[in-house]
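All of the numbers you see were taken from the coordinates with simple rules; none came from a lab. All of these numbers come straight from a predicted model, not from anything done at the bench. No Cβ is skipped: glycine too gets one built from the backbone with ideal geometry, and neighbour counts run over all protein chains shown.
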Amino acid sequence: MQRIPTEILNLPGIEVEDYTDVAGQLILNVEARTTAAICPRCQQTSHHLHQNHWYLARDSSISGRTVFLKINRRQCKCQTCGKPFSETLNFIGNRCKQTDRFAQSTVQQVLHSDIHNVALVNDLTDEEVWYQISSIKRCNILVHPFRNRTEYFVDEVMETACGLHNFRLTHRQLKAA
Ligand SMILES: [Zn+2]
């Protein structure tokens, strides 16, 4: 089987190890190149990446083909505090079922369309789209009724909330890089 070059993935520090083609969908096995991780409790660097933990997450399409990443989020044991933890990856949040860049593109698409159509175009369910954009509700203005007499102001509120959501994801990428 031919290899898929790591450059196609365009995630710095992440290597494509292998791939499979399942009914036209690409599943890329990916792993971080780093050999160390930082303990979230005591901030000490640990080199004991002792257990592999693979899981699937949706990523942006490549040439119109649906892409899933089979990600190895390695488990570590901190030598300082003795507690186990999972390594932090800069392109996906813990327990997320999609990469940050895929979630960001979903948010952008919903702004210019609606949840049902975005679901259809991306081969997702309505619930999955809603789940991906649900953290825009961190902006309180979206969950409480507010008095508004200015035309289109509500659209601007929505755009601002979506922008803040995407900014937060970008900030996470910078922090963990
Ligand atoms: Zn520790």
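For the reader, a short list of remarks on this structure follows.
- Phi to ³J(HN,Hα) by Karplus 6.51 cos²θ - 1.76 cosθ + 1.60 over the stretch 50-56, Hz, x for Gly, Pro: 9, 9, 8, 9, 8, 8, 9
- Neighbour-limited loop hits for GluC sites (Glu not before Pro), the stretch 103-177 (at most 14 other Cβ within 10 Å; DSSP other than H, G, I, E, B): E151
- If the chain linking H50 and N10 were pulled fully straight, counting 0.36 nm for each residue of separation and taking away their Cα-Cα distance, it would gain 11.7 nm.
- Contact order for the stretch 1-89, expressed relative to its length and based on alpha carbon pairs under 8 Å spaced 6+ residues apart, stands at 25 percent.
- Screening the chain for whole DSSP H helices with an alpha carbon extent of at least 20 angstrom along the helix axis and a mean Kyte-Doolittle hydropathy of at least -1.0 yields 153-176.
- Choice from I141, I27, I133 showing the highest fluctuation, given a GNM over the chain with Cα pairs closer than 10 Å: I141
- Assigned charges on the beta-carbon of Lys, Arg, Asp, Glu; the stretch 35-177 dipole about Cα centre (debye): 900 debye
- If the chain linking S113 and R147 were pulled fully straight, counting 0.36 nm for each residue of separation and taking away their Cα-Cα distance, it would gain 9.8 nm.
- Separation in nanometres of the label points that stand 7 Å from Cα toward Cβ, at V154 and N140: 2.1 nm
- Over the chain, the Kirkwood radius and the radius of gyration, each from Cα atoms, give a ratio Rg/Rh of 1.03.
- Alpha carbon centroid spacing (whole Å) that separates the stretch 112-177 from the stretch 43-66: 25 Å
- Net charge of neighbours whose Cβ lies under 12 Å from the Cβ of K70, counting Lys and Arg as +1 and Asp and Glu as -1: -2
- Given charges at Cβ of Lys, Arg, Asp, Glu: the chain dipole, positive-most of Q79, V22, S46: Q79
- Note on T125 and Q43: the extension gain reaches 25.7 nm, defined as 0.36 nm multiplied by sequence separation minus the Cα-Cα distance.
- With an a/c value of 1.5 or above and a/b not larger than b/c for the gyration tensor axes a ≥ b ≥ c computed over the alpha-carbon atoms, the stretch 91-177 is described as oblate.
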